[in-house]
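Presented below is the structure to which this report refers.
Quick note: the coordinates plus some simple rules give every number you see, no bench work behind them. Not measured: the values here are computed from a predicted model. As a convention, Cβ positions derive from the backbone with ideal geometry for all residues, glycine included, and neighbour counts pool all protein chains shown.
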Amino acid sequence: MRVANIIMAYKNPMQLGLMIEAMAHPEFDFYIHLDKKINIANFQYLQHLPNVYFIANRTVCNWGGFQFVQAILRSLEEILHKNISYDFYNLLSAQDYPIKPIEVIADFYRQNIGKSFVSYDMEANENWWSHARSRFESYHFTDFKFRGKYLLQRAINHVLPKRKFPLPAKLYGTCISSWWSISSECAAYLTSYIKDQPQLMRFMKYTWAADEFFIATLLMDSPYKDTIVNDNLRFITWDENLPNPLILKSADFAGIRSSEKLFARKFDIDIDAEILSQINEKILTNVL
């Protein structure tokens with residue numbers, strides 16, 4: 001059994017190092033995709049850690065932009081071209097952290113080879129989709145760089161009709177669909193499928209926050225649907241009035257320790273570094 005951990009990073013190289021050290025395991029490799037906007041210098045020390053590699057084909061990642069999804073897909077493709085036999089591709093952010101001892105996590109993957117773990121809601125769930133449909137029905141210029149782009153975006157969306165998703169697919173997604181663990185078969189399927197769908201990729205360039213529905217939709221409409229478990233294995237907390245997950249702090253430790261999930265997010269050592277120490281000392285080392 002072998003796992004390729006793809007880590008999307010843009011800040012806090014020291015925190016990323018702590019996560020990689022906490023997940024150190026002979027069957028785990030780490031592939032860091034560093035946002036192309038960020039100077040790599042402060043992160044380069046990480047390549048001296050065991051089984052750590054940098055994605056060469058770096059992509060500029062803008063919050064909510066489709067280029068973030070493209071960065072994930074290009075990272076998958078780059079790793080697949082290495083011809084290393086991985087059983088899982090585990091997508092993490094640099095603000096994630098394991099909340100189970102690493103051997104427990106490795107054993108979980110060993111026992112679930114062939115499955116994929118992706119959280120989703122179906123399109124029929126109006127609570128989430130009533131807002132989320134605007135992510136592709138309207139034009140979004142998030143990834144473009146020109147003066148007045150948002151003024152033009154508003155004007156175009158005022159004049160043009162709503163856009164229609166270019167595939168006859170049922171849509172799947174939710175606010176926690178962005179992070180997942182997928183099988184080697186699903187990883188190969190994703191990279192192959194998008195190569196055959198240039199029209200779809202052109203359409204997606206003008207979407208917003210597609211990471212929360214695009215990959216879940218492609219996989220749940222794929223031949224691998226029955227192998228997908230509706231659980232992304234992540235402990236995440238939200239305030240419904242905020243667009244991002246809450247930063248986990250020391251006050252959240254009891255909830256983290258009682259969770260059955262394998263990972264948690266988001267952490268930020270500039271806000272609360274003590275929580276990672278608590279996890280290391282009281283969970284990862286099995287100390288009560």
Candidate cut points under GluC sites (Glu not before Pro) in the stretch 175-256, DSSP loop plus at most 11 other Cβ atoms within 10 Å of their own Cβ, are GLU240
Once phi for every residue in the stretch 17-22 is put through the Karplus expression 6.51 cos²θ - 1.76 cosθ + 1.60 (θ = phi - 60°), the whole-Hz ³J(HN,Hα) values, with Gly and Pro written as x, are x, 4, 5, 5, 5, 5
If one builds a Gaussian network model of the chain from Cα atoms under 10 Å apart, the most fluctuating residue listed among GLY64, GLY148, GLY114 is GLY148
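Restricting to the chain, what percent of DSSP beta bridges are antiparallel, rounded to 5?
30
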Inverse of <1/r> over all distinct C-alpha pairs of the stretch 147-288, i.e. the Kirkwood Rh in Å, gives 18.4
Percent of all alpha-carbon pairs of the stretch 214-266 at distances over 13 Å, whole number, is 68
Computed about the Cα centre, the charge dipole of the stretch 96-207 from +1 Lys/Arg and -1 Asp/Glu charges at the Cβ has a magnitude in debye, to the nearest 20, of 740
In nm², the average projected area of the convex hull spanned by the Cα atoms of the stretch 117-160 is 4.5
So, with points 7 Å from each Cα along the Cβ direction, the LYS282-PHE144 label distance in nm works out to 5.1
Sorted by chain and number, the residues with a modelled amide H under 5 Å from that of SER93, at a separation of 5 or more or across chains, are MET8
GNM on the chain, Cα springs under 10 Å; top mean-square fluctuation among TRP180, TRP129, TRP208 goes to TRP129
For the chain (alpha-carbon point model, no solvent) the Debye-based log₁₀ I(q)/I(0) at q = 0.07, 0.12, 0.14, 0.16 Å⁻¹ works out to -0.26, -0.79, -1.08, -1.41
Shape descriptors of the stretch 22-95 over alpha-carbon atoms, Rg and Dmax in angstrom, are 12.6, 35
Computed ³J(HN,Hα) along the stretch 201-217: with the Karplus parameters 6.51/-1.76/1.60, θ = phi - 60°, integer Hz and x for glycine or proline, the list is 5, 5, 4, 5, 4, 9, 9, 10, 6, 5, 4, 8, 8, 5, 5, 4, 5
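May I ask you to derive the FRET efficiency for GLU274 and GLU27 from their Cβ-Cβ distance with R0 = 35 Å, giving the value to the nearest 0.05? Before the final figure, lay out each step's value.
Working: r = 30 Å, r/R0 = 0.86.
The value I calculate is 0.70.
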Taking the alpha-carbon centre of each part, the distance from the stretch 170-203 to the stretch 69-117 in Å is 15
Under the Karplus relation with 6.51, -1.76 and 1.60 and θ = phi - 60°, whole-Hz ³J(HN,Hα) for the stretch 176-189, x at Gly and Pro, equal 10, 7, 5, 10, 7, 10, 10, 6, 4, 5, 5, 4, 5, 4
Binned at 10 Å from zero, the C-alpha pair distances of the stretch 48-136 give percents of 11, 32, 37, 18, 2
Subtracting the Cα-Cα distance of ILE38 and GLN111 from 0.36 nm times their residue separation yields 22.5 nm
